[in-house]
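Each reported figure results from applying straightforward, stated rules to the coordinates on display, with no laboratory input. Owing to the predicted nature of the structure, the values given are computational and were not obtained by experimental measurement. In this analysis, Cβ positions are derived from the backbone assuming ideal geometry, glycine residues included, and neighbour counts consider all displayed protein chains.
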Amino acid sequence: MTAVGRSTFAAALLGLIIGGALALFASGRGWQTVTAHRARPLADDVLEVSGRTLHPAVTGLAVVALAGVVGIVATRGMARRIIGAVLMVAGAIVCWDALTALPAISSAHARTVLRDAQAGVGLDAGQAVTVAVHRIWPGLAALGGVLIVLGGALTIAYGGAWKGLSGRYDHPEPAAGPQPEARLWSALDRGIDPTADPAPGITSDPPEAAAQPPRDRSVASPDDAGSG
């Protein structure tokens, strides 16, 4: 992997990890506080509404971003780019949901949330309801969504050059030249015992050549020729 590939790979994974963790953490904080004012001496009803209640998709998509880290490492090629596209969409939705939580919810919505939290106990029609917004938490969730989008974009652009876990399990390429098993079978085909020959299939002669008697290369003497 080149230096550019290593840097983009690390940036994408860090963006997804930090962005997903940031959005997941921020979604569990109180984004808005709903207060239903009651006549004294009764205490006001105060409810801190988390991001998971207002926008549950932020929590789910933050988990998707964290799971996408494993998907990027374990895949390659087109599958990795598809994961990058899914992560970009997930990050964009996180940003949108977080930004829409910056304004205070309506009084009707606040009454509904408060009623659901109080197990169905109703509120007086004339009971005033106020909403306080804690913008730091949806802001951090939106920042996490931006990091998720960047991680997905880097995956689409550079993911084809990154290595992954799948490369570790590929079958090794066969070595060039005849393999030891092939030499053994070749020796057996020629009638040579590979367990007895120190170099089976390489220097041994075929059994037909070994069975032939050696040729007499001596030159006949003149006396032998005369006697004939």
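Highest mean first, how do 152-162, 36-46 rank when packing is the count of other Cβ atoms within 10 Å averaged over residues? Could the numbers behind the result be given before it?
Details: 152-162: 20.3, 36-46: 11.6.
The packing order, highest mean first, is 152-162, 36-46.
Show the residues, 5+ positions off or on another chain, whose built amide H is closer than 5 Å to the amide H of SER50.
HN-HN under 5 Å from SER50: TRP31.
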